1. To make sure I understand, if each residue's beta carbon is the centre and we count other beta carbons within 10 Å, what order do 91, 100, 129 fall in, fewest to most?
2. Using only the Cα atoms of the chain, construct the convex hull and provide its projected area averaged over every direction, in square nanometres to one decimal.
3. Could you work out how far helix 21-35 tilts from the main Cα principal axis of the chain, as a 0 to 90 degree angle to the nearest 10?
4. Sort out for me the Cα centre separation of the range 41-62 from the range 74-152, rounded to whole Å.
5. With viscosity set to 1.002 mPa s at 20 °C, what whole-number translational diffusion coefficient in µm²/s follows for the range 93-171 from Stokes-Einstein and a Kirkwood radius over Cα pairs?
6. Take the Cα radius of gyration of the range 132-172 and divide it by 2.2 N^0.38 Å, with N its residue count; two decimals is plenty.
7. Take 58, 133 and order them by how many other Cβ atoms sit within 10 Å, fewest up front.
8. Ordered by packing density, taken as the mean number of other Cβ atoms within 10 Å over each peptide's residues, highest first, how do 28-34, 110-116 rank?
């Protein structure tokens, strides 16, 4: 193994957004078995340190590959379209209006049923966005367009957390 490998190379996967989660999980287990420091106990401290480095690298790659949002962000960066989540927050007007509508619905919600309905809307939108990211990265090869969708999806994910926090408040 080479430390300069991309996560996809390391896991022996095609460099695309659409991936089989079970395949990622299985490959992670195989790689962890191969690089486990205990396998190198008889080869000295240097070999064990290297195995530990590999184990950490494998885990980092696994965390990126198994999460669709992180995988999309990583692919955009590999294809020359960094997300720039801290400096590029421009969003289409339609998306911003949708976000304002969701915020208003969240503020006005005073029951679990209302929050569940809002959660359903958000999850539906998330699935649509992931589908669009797949199209942009795997079919159209448009990493710039995908990067914009990834930034928007980050907002959606954060809002999902806001809904969960509001549900917790209602439950107290």
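1. Values: 91 15, 100 10, 129 21.
Final ranking by Cβ density, sparse to dense: 100, 91, 129.
2. 13.0 nm²
3. With rounding to tens, the tilt is 30 degrees.
4. 37 Å
5. 160 µm²/s
6. Relative to the 2.2 N^0.38 Å estimate, the range 132-172 comes out at 1.66.
7. Going from least to most buried by this count: 58, 133.
8. 28-34, 110-116
No value in this document is a laboratory result; all are computed from the given coordinates. Given the structure is predicted, the values throughout are model-derived calculations rather than measurements. Reconstructed Cβ throughout: ideal geometry from the backbone, glycine too, with neighbour counts over all protein chains shown.
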